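As structure tokens, the structure follows; a few thoughts come after it.
The values are calculated or read from the model by the stated rules, or taken from the named source; none is laboratory data. Values in this document were obtained by computation on a predicted structure and should not be read as measured data. No Cβ is skipped: glycine too gets one built from the backbone with ideal geometry, and neighbour counts run over all protein chains shown. Each accessible area value is taken on the protein alone, full model and side chains, heavy atoms only, with ligands, DNA and RNA left out. Shrake-Rupley method; radii C 1.70, N 1.55, O 1.52, S 1.80 Å.
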Amino acid sequence: MKLAFVFPGQGSQSVGMMSGYAGLAQIDETLVSADAAFGAPLAALIANGPADAINITTNTQPAMLAADVAVWNAWLAAGGPKPALLAGHSLGEYAALVASESLDFTAAMQLVKARSQAMQDAVPAGIGGMAAVLGIEPAALAEVCEKASQGEVVSCCNLNAPGQIVIGGHRTAVERAIVLAKEAGAKRALMLPMSVPSHCELMRPAAEAMAIALNRANFQPPKIAVLHNATVDVAGDAASIRLVLAEQLFKPVRWIETIEKMAMQGVTHIVECGPGKVLAGMVKRIAPGVKCLTLSDKAAFDAALAELS
């Protein structure tokens with residue numbers, strides 16, 4: 001068995017997402033630490049909402065970091081085996097770096113606060129947008145985006161799974177791309193409820209702002225290899241990690257290639273570490289020969305622990 005862990009990011013959040021982990025003391029302990037690191041009652045927001053508040057980017061990203069790391073801490077405390085490889089989907093990359101002991105949790109929380117604010121500030125409300133496009137090949141969708149741009153930005157942002165791609169950029173260009181994608185044979189294309197167009201050129205100013213925060217942070221060489229979204233490769237030193245985390249903001253999430261690389265490196269089991277099952281669904285489509293488990297609640301956690309220990 002060769003084990004990898006993957007950490008979900010923005011989009012997996014929901015009010016009450018940690019309520020299914022009752023009995024795992026490290027969950028509550030980590031959320032208390034998250035409140036202190038965030039400087040506001042994050043745990044109460046996760047537990048009680050309201051939904052419109054937890055879905056604001058500047059709250060969503062810290063909340064998901066806290067959730068992912070809480071589940072990881074519970075896994076370690078339960079004696080779960082450590083993986084040979086780590087990856088995180090977009091924001092989840094910060095949780096992967098905490099798990100690798102490259103970055104401590106408080107520092108990660110401060111960076112994620114800075115990241116979410118930089119992203120929110122980069123594009124005025126109503127200017128940007130993102131859409132999910134299903135049933136079309138990446139090359140064909142890239143051509144669609146090029147035709148739809150008309151001097152604006154629209155591109156493939158999240159290459160999530162075969163036939164499942166998220167595009168983003170200027171809202172008007174994204175809307176044009178939706179029409180053209182359907183004409184090109186896409187089975188479905190729909191706007192997502194996100195005003196911040198992540199992983200496209202509109203986020204370059206956010207990356208520049210984020211580089212300043214990253215340069216102040218203390219990174220250690222990862223003790224577990226982390227495959228990064230922007231490069232589908234490891235970054236073994238602090239300078240390389242800082243660079244790839246800044247570039248991540250305006251470069252696409254190459255998730256298909258990330259899971260394929262894990263499989264090529266002999267990974268037999270992939271565990272989604274955090275609330276929800278979004279990444280597990282993607283993994284099953286990308287690498288059906290790899291066993292995929294989730295830690296989405298206490299029952300799933302116990303089942304994975306029994307199977308992998």
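As an exercise, use a Förster radius of 30 Å and the Cβ-Cβ distance of residue 40 and residue 223 to find the FRET efficiency, rounded to the nearest 0.05.
0.45
Which residue fluctuates most in the GNM of the chain (Cα springs below 10 Å): 187, 261, 298?
Taking springs between Cα atoms under 10 Å, the residue moving most is 187.
Note down the relative contact order for the chain as a percent, whole number, built from C-alpha pairs under 8 angstrom at least six residues apart.
Computed over the chain, the figure is 23 percent.
Residue 296: net charge of surrounding residues, Cβ under 13 Å, Lys/Arg +1, Asp/Glu -1, itself excluded?
Surrounding charge for residue 296 is -2.
Hey, which aspartates and glutamates would be in cross-link range of residue 187, C-alpha to C-alpha under 17 Å, not counting anything within fewer than 8 residues on its own chain?
137, 143, 175
Hey, in the GNM for the chain with a 10 angstrom Cα cutoff, which one of 19, 198, 90 fluctuates hardest?
Ranking 19, 198, 90 by mean-square fluctuation puts 19 first.
Need one number: % antiparallel among DSSP beta bridges in the chain, to the nearest 5.
So the antiparallel bridges in the chain amount to around 50 percent.
Could you derive backbone 3J(HN,Hα) for the range 252-263 from the dihedral phi with the Karplus parameters 6.51, -1.76 and 1.60 (θ = phi - 60°), listing whole Hz in sequence and x where the residue is Gly or Pro?
Once θ is set to phi - 60°, the couplings for the range 252-263 become x, 7, 8, 6, 4, 5, 5, 5, 4, 5, 4, 4 Hz.
How large, in percent, is the carbon and sulfur part of the accessible surface of the range 206-251 at a probe radius of 1.4 Å?
The value for the range 206-251 is 53 percent carbon and sulfur by accessible area.
Within straight cross-link reach of residue 291, meaning Cα distance under 12 Å, which aspartates and glutamates are found once same-chain residues fewer than 8 apart are removed?
Qualifying aspartates and glutamates at Cα under 12 Å: 272, 307.
Normalise the Debye intensity by I(0) for the chain, one equal point scatterer per Cα, no solvent, then take log10 at q = 0.11 Å⁻¹ and round to two decimals.
Debye intensities relative to I(0), on a log10 scale: -0.63.
List the pairs from 147/261; 223/261; 277/298; 147/251; 113/251 whose alpha-carbon separation is above 23 Å, in the order I gave them.
147/261
Among the GluC sites (Glu not before Pro) in the range 51-143, which ones are in a DSSP loop with at most 14 other Cβ atoms within 10 Å of the Cβ? Mind listing them?
101
Using R₀ = 41 Å, calculate the FRET efficiency as 1/(1 + (r/R₀)^6) where r is the Cβ-Cβ separation of residue 308 and residue 182; round to 0.05.
Calculated transfer efficiency: 0.45.
Tell me the carbon and sulfur percent of the accessible area for the range 37-126, rounded to whole percent, probe radius 1.4 Å.
Carbon with sulfur: 55 percent of the solvent-accessible area.
With each run of n ≥ 4 DSSP H residues scored as -39500 (n - 2.57), what mean residue ellipticity at 222 nm is computed for the chain after dividing by its residue count and rounding to the nearest 500 deg cm²/dmol?
-15000 deg cm²/dmol
Taking only Cα atoms and a 10 Å spring cutoff, compute GNM fluctuations for the chain and point out the largest among 78, 211, 87.
Of the options given, 78 has the highest mean-square fluctuation.
Using the heavy atoms of the protein chains alone and a 1.4 angstrom probe, what is the accessible area of the chain per residue in square angstrom?
On a per-residue basis, 39 Å².
Please report the equivalent ellipsoid semi-axes of the range 6-70, computed as sqrt(5 x eigenvalue) of the Cα gyration tensor, largest first, in whole Å.
16, 13, 12
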